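See below for the structure under consideration.
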Amino acid sequence: MRILKILVLLLTLFLFVQVDTTAQKTRTGQTNSSNNLGKGLTGKKQFDWGRVFLGGTFGGNLGFSSGGNSAQFLELSPIVGYRLTDKFSAGVGPIFNYFKRPNFDGQTIWGTRALARYSIMQNIFLGAEISNIWFKCNNVTESIRSLPIGGGYRQRMVGRSSFIAEVMYDILYKADGGTANNPCVFDPGTGLIYRVGFNVGF
């Protein structure tokens, strides 16, 4: 949890520095222009809503295990992000998951995550995120941290929307306190994570 708080704080600080630096450049340009003398801070560049985007993962699946018993999984993980530069973006958001499998009561999971993406080509990006989830295990609230890293593909669609597909690997999957070592959460059997989703800009 401490690592997640530190990452969110750093992302927020970086965003503030980026916006403030841009504003200072704007004010400097105005000071050097005789046509803008006396305007003070009236030309200060404000927060750019055009760089804000909404995205995340929404969906689930219904699978079948041996014996024909059903396994259910639902996920709702929205993200609010900001494009700090043309190549680098970051975002934060909540996590809500529900799963149910044979001989196991339905489990509700909630948490938070922060992510960062860097475009290396027009439609290809590298990504990393950190998340912390909480859940009930034998009437006791426990938590698990995840640190997926990987990359993905972004295809621009209509307007400011885009389709996202990514493959990541959770490097904390088998660590002490990771998903693989907790019997109270769904273990996919691998640290690989496959996701598809959409981003929508303002």
> Do you know which residues across the stretch 159-174 are among the hydrophobic types (A, V, I, L, M, F, W, C), buried (at least 18 other Cβ atoms within 10 Å of the Cβ) and under 14 Å from the mean Cα position of the chain (by Cα)?
Replying inline: I164, M168
>> What's the total number of residues in the stretch 123-163 that are out of contact with any Ser or Thr (no Cβ under 9 Å at 6 or more places or on another chain), in contact (Cβ under 8 Å) with a residue 12 or more places away in the chain and part of a strand (DSSP E or B)?
In response: 14
>> When you scan the stretch 175-183, do you find a residue that is of a type in the set (D, E) and either under 19 Å from L76 (Cβ atoms) or at pLDDT 85 or above (or both), even just one?
In response: no
>> With the structure loaded, tell me whether F125 is of a type in the set (F, W, Y), over 17 Å from V196 (Cβ atoms) and surrounded by 16 or more Cβ atoms within 10 Å (Cβ to Cβ) or whether it fails that test.
In response: no
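The values are calculated or read from the model by the stated rules, or taken from the named source; none is laboratory data. Everything quoted here is computed from the prediction, not taken from an experiment. A quick note on method: Cβ atoms are made from the backbone with ideal geometry, for glycine too, and the neighbour counts reach across all protein chains shown.
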